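This report refers to the structure that appears directly beneath it.
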Amino acid sequence: MTAMSTPRIVWHEALVATAALVIVTAHGAAAELDEVRARGTFVWAADQEGGGPHVFLDPERPGRLTGFEVELADMIAAELGVTARFQQGQWDRLPLLLGRSVDCVINGIELLPERKRDYACSRPYFAYGLQLLSRRDSPLTAFEQLAAPGPGGRWRVGVLTGSAAEVFLRSRHDLEVDVIGYDGTIDSLEQVQSGVLDATLIDDCIFNFYADRFAGLRAVGRTVAGGYYTVLTARDTPRLTAAIDEALGRLIADGRLKALYDRWDLAGRQQILALRDAAEIPVAGRRSLRQLAADTLPMLLTAAGMTLLLACVSFPLAIVAGLAVAVGRLYGPAWLARLLTASVEVVRGTPLMLQLYAIFFLLPKIGLALPALVAAVAGLALNYSAYESEIYRAGLKAVPAGQFQAALALGMTKWQALRHVVVPQAVRLVMPPVTNDFIAMFKDTSVCSVITVIELTKRYSVLALSTGRIVELAVITAILYLAMSWPLALLSRRFESRQERVA
Amino acid sequence: MIAVAGLSKARGGVTALADVDFEVRSGEVTAIVGPSGSGKSTLLRCVNGLETFDAGSISIAGHRLAPGLQPPRLLERVRRDAGMVFQQFNLFANLTAQENVALAPRVVAGVSAAEASRRAIQLLDRVGLAAFAAARPATLSGGQQQRVAIARALAMEPKVILFDEPTSALDPAMTAEVSEVIVDLARGGQTMVVVTHDHALARRVATQVVELVAGRVARIGPPAAVLGA
């Protein structure tokens with residue numbers, strides 16, 4: 001985002017990123033059972049963000065993790081003769097941690113055919129049902145209503161990205177539903193409560209846990225589908241996987257698992273009965289590379305279109321706003337200049353992700369619910385306008401004072417002098433750094449995934465995890481990014497060489 | 001046309017101008033001379049409001065400037081009537097010679113773009129540069145740039161033109177070509193105030209010479225009286 005880096009950086013970054021991805025995903029050696037025992041600790045990964053009742057920060061003992069899976073991890077570790085150590089990760093990317101410092105994932109990971117294909121899955125340890133939730137004042141009172149459009153058109157239903165709820169809803173082509181993926185379950189509950197979403201589909205145990213906090217929500221009918229949670233391990237640690245299976249078997253047989261679920265108000269007896277009757281889940285087939293490309297390319301291209309749209313709409317707004325801010329700071333009244341300076345510092349001093357989060361999740365609380373795409377464009381434009389304003393300020397200052405004075409001396413107003421003489425020269429001066437920032441924004445659009453916008457990086461991440469073809473899709477995604485940013489880099493270089501000729 | 005009375009200005013506690021009085025009559029040319037730092041340019045820039053002053057008054061082409069910050073509207077009217085030519089030319093770097101001349105009539109006086117361009121060519125022709133209408137300032141010599149700057153000032157048909165050391169940044173050959181244009185304007189009856197080091201130019205164009213020393217009027221009178229024969 002700095003003004004001075006050259007477009008070559010883009011190539012460089014993309015290549016390094018691709019190489020890093022390839023190296024990271026080229027199966028690192030996962031620790032087998034004997035290594036886990038030798039080190040004496042068993043590292044399990046989960047996402048504590050809004051993760052009740054699974055894994056969450058204990059409100060009574062700040063800083064301490066609690067949840068039924070925290071206790072389960074301790075119990076499994078004890079069975080293995082080691083102690084459990086927690087590792088935080090983003091929920092939909094937890095499986096990627098396997099084989100890299102993490103021995104297993106215990107975090108409400110549903111047993112699905114795709115997961116059985118890509119990872120080793122333990123025997124089920126918990127039975128969940130998918131529960132649809134809506135606001136108490138919503139016209140949505142039965143799941144079947146989703147088959148026809150609602151009063152506001154297609155129903156907007158939030159899900160946890162990568163969850164069985166998402167897989168289930170996306171497979172139901174008979175429903176008039178726009179599925180919106182969130183990075184945390186709390187996020188979608190919040191958005192139903194604030195009226196941005198019509199409903200959310202989540203695991204029933206999560207609703208039981210948060211029902212009091214989200215008192216404005218109610219269950220729509222009974223659970224519509226269900227399945228089992230599994231402990232994920234890497235495919236190349238069969239002895240560790242077997243040991244976890246045996247540990248779970250003992251915990252089920254001697255009643256400790258039932259007692260755990262009863263402590264957490266999770267209906268221990270029904271859980272044990274459901275686990276006893278668990279049916280075998282099939283393993284998903286592996287697609288050929290050609291099939292993979294045919295299946296994923298349309299989605300990746302659509303997502304690339306979203307990336308392009310975000311950058312191409314946000315950046316012109318950022319440029320216009322940035323120029324206005326720069327002119328206001330340099331030529332406006334003192335109070336305005338101070339106000340703008342403070343605003344620029346606030347925007348520059350806080351992360352883009354936080355700004356997007358505030359616009360999307362906090363504004364609805366004061367009655368301003370923006371659609372995700374609008375919020376994304378607003379956030380990107382706001383964030384980049386601060387940086388562009390700094391560039392323009394430098395550009396305006398670089399125009400010799402005599403130009404402004406000569407314009408004034410002809411009887412022009414301050415604004416006429418700026419518009420016809422100073423600003424055109426400043427704009428020309430800042431062309432290279434501004435183009436460079438356009439390329440930077442291009443890549444920053446990926447941050448918008450935190451507010452449910454599915455752009456290229458998010459689409460890649462979702463597809464890579466659902467297909468298990470992490471490396472192949474990374475290469476395709478990198479090529480798409482380069483195809484979009486390369487013309488920009490050329491453009492930027494042309495501006496620069498033109499500058500050199502004029503100077 | 002111009003009456004400066006009791007004009008005083010201090011900058012950072014140092015006197016820049018002290019009790020300056022002089023008048024410029026319509027159709028006449030006043031040269032302001034004096035050593036560097038004597039306040040010549042400051043005086044000129046006060047006359048069209050590019051700088052403020054602390055005491056005294058200036059009336060110019062029927063407008064009256066008082067000490068301190070003046071309303072923007074008043075300054076815009078003063079500047080339409082008082083064109084200015086700078087030592088460093090200050091041609092608009094983003095525009096061609098023709099566009100430099102045509103810009104102010106178009107955006108300030110509301111002349112149509114076609115008419116402003118047509119008149120710009122006439123004015124460039126008057127300073128001998130019609131062939132350079134499409135040239136950018138960076139490609140012109142200093143003398144050419146200053147002649148375009150004079151055409152630019154003329155385009156607003158000002159009642160008076162203020163020259164701030166118009167030849168100081170030029171070599172002798174270019175000084176001569178710019179001087180010819182100024183002499184030509186003087187012959188045509190254009191009211192002008194010329195701040196200059198160039199006594200030869202002052203003798204040729206001025207009807208009155210004001211000599212400033214340390215911000216005060218040291219001498220005022222006909223060229224022969226102030227500059228010697």
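No value in this document is a laboratory result; all are computed from the given coordinates. These numbers come from a predicted model, not from an experiment. All Cβ positions, glycine included, derive from the backbone under ideal geometry; neighbour counts span all protein chains shown.
Brief remarks follow.
- With an a/c value of 1.5 or above and a/b larger than b/c for the gyration tensor axes a ≥ b ≥ c computed over the alpha-carbon atoms, the stretch A:405-464 is described as prolate.
- Contact order normalised by residue count of the stretch A:391-499, Cα under 8 Å, 6+ apart, percent: 28
- Structural descriptor for the stretch B:51-191: relative contact order 28 percent, calculated from alpha carbon pairs under 8 angstrom and at least 6 residues apart.
- Relative contact order for the stretch A:199-355, counting Cα pairs under 8 Å that sit 6 or more residues apart, in percent: 8
- Binning the C-alpha pair distances of the stretch A:299-450 at 5 Å intervals from 0 yields a P(r) profile of 2, 9, 17, 19, 17, 14, 10, 7, 4, 2, 1, 0 %, listed from the shortest bin outward.
- Over the protein assembly as shown, the hull volume per residue, using the convex hull of the C-alpha atoms, is 219 Å³.
- Backbone phi angles across the stretch A:52-64, fed through the Karplus curve with coefficients 6.51, -1.76 and 1.60 (θ = phi - 60°), yield HN-Hα couplings of x, x, 6, 9, 7, 6, 5, x, 7, 10, x, x, 9 Hz in residue order; Gly and Pro are listed as x.
- If you take the alpha carbon atoms of chain B and fit the smallest convex hull around them, that volume is 119 Å³ per residue.
- Helix A:8-25 vs. chain A, principal-axis angle (Cα, 0 to 90°, nearest 10): 10
- Convex hull (Cα only) mean projected area of the stretch B:48-180, reported in nm² to one decimal: 8.5
- Calculated from backbone phi, Karplus (6.51, -1.76, 1.60) coupling profile of the stretch A:424-430 in Hz, x at Gly/Pro: x, 6, 5, 4, 5, 4, 8
- The trypsin sites (Lys or Arg not before Pro) of the stretch A:135-204 that meet both conditions, a loop assignment by DSSP and at most 11 other Cβ atoms within 10 Å of the site Cβ, are A:Arg136.
- Counted by neighbouring Cβ atoms within 10 Å, the residues B:Val195, B:Val111, B:Val183 run from fewest to most as B:Val183, B:Val111, B:Val195.
- Inter-probe distance in nm under a simple model that places probes 7 Å from Cα toward Cβ, at A:Ala293 and A:Thr41: 4.5
- Calculated FRET efficiency for the pair B:Val14/B:Glu157, C-beta based, R₀ 45 Å, to 0.05: 0.75
- Our summary of shape: the Cα atoms of the stretch A:337-411 have principal axis extents of 52, 25, 22 Å, ordered from largest down, in whole angstrom.
- Shape category assigned to the stretch A:376-477 from the gyration tensor of Cα positions, a/c cut at 1.5: prolate
- Within the straight-line cut-off of under 25 Å between alpha carbons, the lysines reachable from A:Lys443 are A:Lys458, sequence neighbours fewer than 8 places apart in one chain being disregarded.
- Equivalent ellipsoid semi-axes - Cα gyration tensor, the stretch A:190-271, angstrom: 33, 18, 10
- Between A:Glu71 and A:Tyr331, the contour length at 0.36 nm per residue exceeds the alpha carbon distance by 87.3 nm.
- Only the Cβ atoms of Lys and Arg (+1) and of Asp and Glu (-1) were treated as charged; on that basis the dipole of chain B about its Cα centre amounts to roughly 380 debye.
- Computed over every Cα-Cα pair of the stretch B:155-212 and binned at 10 Å starting from 0, the pair-distance distribution P(r) comes out as 22, 59, 19, 0 percent.
- Quarter of Cα convex hull surface for the stretch A:34-169, i.e. mean projection, nm²: 10.8
- Among the trypsin sites (Lys or Arg not before Pro) within the stretch A:236-309, those in coil by DSSP and having at most 14 neighbouring Cβ atoms inside 10 Å are A:Arg286.
- Across the alpha-carbon atoms of the stretch B:1-125, the computed radius of gyration and Dmax are 16.6, 50 angstrom.
- Chymotrypsin sites (Phe, Trp or Tyr not before Pro) restricted to the stretch A:410-503 and DSSP loop, no more than 10 other C-beta within 10 Å: none
- Candidate cross-link partners of B:Lys159 among the lysines, defined by an alpha-carbon separation under 27 Å and a same-chain spacing of 8 or more, comprise A:Lys414, B:Lys9, B:Lys40.
- Inter-chain shielding of A:410-422 (mean C-beta neighbours from other protein chains, 10 Å cut-off): 6
- When A:Cys205, A:Cys448 are arranged by Cβ crowding within 10 Å, least crowded first, meaning fewest neighbours, the order is A:Cys205, A:Cys448.
- Mean shadow area of the stretch A:241-295 over all directions, Cα convex hull, nm²: 6.1
- Crossing angle, helix A:334-348 versus chain A [Cα axis fit, 0-90 degrees, rounded to tens]: 30
- Local electrostatic count at B:Ala176 - Lys and Arg +1, Asp and Glu -1, tallied over other residues with Cβ under 15 Å: -2
- Counting, for every residue in B:61-71, the Cβ atoms of other protein chains within 10 Å of its Cβ and taking the mean gives 0.
- For the stretch A:269-333: rounded, prolate or oblate by the Cα gyration tensor [a/c cutoff 1.5]: oblate
- Span-like helix ranges in chain B, DSSP H, alpha carbon extent 15 angstrom or more, Kyte mean at least 1.0: none
- Helix axis angle, A:238-253 relative to chain A longest principal axis, alpha carbon, degrees: 60
- Shielding of peptide B:80-92 by partners, expressed as the average count of other chain Cβ atoms within 10 Å per residue Cβ, is 4.
- Exposed loop sites here are GluC sites (Glu not before Pro) assigned a DSSP state other than H, G, I, E or B and surrounded by at most 10 other beta carbons within 10 Å; excluding them, the longest clear run of chain A is A:281-503.
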